[in-house]
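Working notes, structure below.
The values are calculated or read from the model by the stated rules, or taken from the named source; none is laboratory data. Predicted, not measured: the structure shown is a model, and the values here were computed from it. Positions of Cβ are backbone-derived with ideal geometry, glycine not excepted, and every protein chain shown enters the neighbour counts. Quick note on the areas: whole protein, heavy atoms, side chains included, nothing else; ligands and nucleic acids left out. Shrake-Rupley method; radii C 1.70, N 1.55, O 1.52, S 1.80 Å.
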Amino acid sequence: MRLILLGPPGAGKGTQCKRIIDKYALTHLSSGDILRAQRAGGTALGKKAQAYMDSGALVPDDLIIEMMIGAIKKAGGNFVLDGFPRTVAQADGLTKALKKAGEKIDAIVNLVVADEVISARLTGRRSCPKCGAVYHIVNVPAKVAGKCDKGCGPLVQRDDDKPQVVENRLRTYHQQTEAVVGYYEGKDSPVLNIEADRSAEAVTADIIAQLQRLAG
Ligand code: ADP
Ligand code: AMP
């Protein structure tokens, strides 16, 4: 199965991907995680992406399309895309690359959440730099504050989750990414709109129910 998880930053895309990948045997392809790994590794791509990411802007389409098409090829036929596509040009690049391979996306899961909820989710997000587990200081607290439940060590706050950058990221979402939902509507991959201002468990149950309905 080939899925896309859409939605504003902080909607819960990563959280939901982690909750469904085992059930559907999917590879989780997060453009943000791949970019952060490139930065940590000091690669040419990581260096080019740095300033865009730190300011809450989008990394240029050509770099992202090449990076994600490469990751998709490596993943084989079962994957969930998280954070990509984020512009209509990226969506078009993805459609063309899949078409060339005789493939298409099975469903677009669109997580719908209001901006006020998003700001609180992003500023309260904490993650484990070692295992990638994601927490929230109020909604999904670690058992011991500031420490990963899996014993990895201290949790960190992403620099781009600080309030000034969060505002820019939300603006970027409305200006450049929201239109991606419209790009997919009425095309041959169905868009499943999911109300995401509910518990993570309720959101997962809705995603699974809607995917099951699609499968008939
Ligand atoms: P995204 O990948 O869309 O940027 P995340 O999955 O990282 O979003 O979630 C953003 C923050 O919100 C995290 O701190 C996460 O723990 C928290 N979160 C995710 N889903 C929910 C939910 N349904 N209710 C409350 N908090 C949530
Ligand atoms: P995320 O982890 O998805 O919130 O992404 C963190 C940052 O990485 C974003 O604010 C962008 O700067 C960059 N980024 C991630 N995915 C993309 C994408 N598909 N297109 C452009 N920039 C991206």
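Here are a few things to note about the model shown:
- None of Leu94, Leu111, Leu98 is within 14 Å of ligand 2 (Cβ to nearest atom), more than 15 Å from the chain's Cα centre (by Cα) and either among the aliphatic types (A, V, I, L, M) or at pLDDT 95 or above (or both) except Leu94.
- Applying the set (1) open to solvent by 20 Å² or more (accessible area, probe 1.4 Å); (2) assigned to a loop (DSSP other than H, G, I, E, B) to Ser119 leaves exactly one unmet item: (2).
- Subset of the range 171-189 [touching an Asp or Glu at 6+ places or on another chain (Cβ under 8 Å) and modelled with pLDDT of 95 or more]: Tyr183
- Filter result (farther than 18 Å from Gln38 by Cα and charged (D, E, K, R)) within the range 74-95: Arg86, Asp92
- Unmet requirement for Asp33, which otherwise passes all of (1) away from ligand 1 (no atom under 16 Å from the Cβ); (2) charged (D, E, K, R); (3) closer than 20 Å to Gln90 by Cα: (1)
- Any hit, the range 178-188, residues being closer than 22 Å to Arg121 by Cα and in contact with a Pro (Cβ under 9 Å, 6 or more places away or on another chain): yes
One line per residue, one yes/no per condition, for (1) within 16 Å of ligand 1 (Cβ to nearest atom); (2) at pLDDT below 95:
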residue: Gly12; (1), (2): yes, no
residue: Arg19; (1), (2): yes, no
residue: Leu29; (1), (2): yes, no
residue: Ala44; (1), (2): no, no
residue: Gln50; (1), (2): no, no
residue: Ile69; (1), (2): no, no
residue: Gly76; (1), (2): no, yes
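- Within the range 84-108, the set of residues being open to solvent by less than 60 Å² (accessible area, probe 1.4 Å), small (Gly, Ala, Ser) and over 20 Å from Asn193 (Cα atoms) comprises Ala89, Gly93, Ala97.
- Restricting the first member to the range 54-73 and to residues that are more than 26 Å from Val166 (Cα to Cα), and the second to residues that are outside any helix (DSSP H, G or I), the beta-carbon pairs closer than 8 Å and six or more apart or on different chains are Ala71/Leu29; Ile72/Leu29; Ile72/Phe79; Ile72/Leu81.
- Test: residue in the range 1-14 that is among the hydrophobic types (A, V, I, L, M, F, W, C) and over 24 Å from Gln212 (Cα atoms): no
- Counting only residues that are outside any helix (DSSP H, G or I) and among the aliphatic types (A, V, I, L, M), the range 84-104 holds 1 of them.
- Scanning the range 1-41 for residues that are out of contact with any helix residue (DSSP H, G or I) (no Cβ under 9 Å at 6 or more places or on another chain) and closer than 19 Å to Glu66 by Cβ returns a single hit, Gly41.
- Residue in the range 178-200 that is of a type in the set (Ser, Thr, Tyr) and within 16 Å of ligand 2 (Cβ to nearest atom) present: yes
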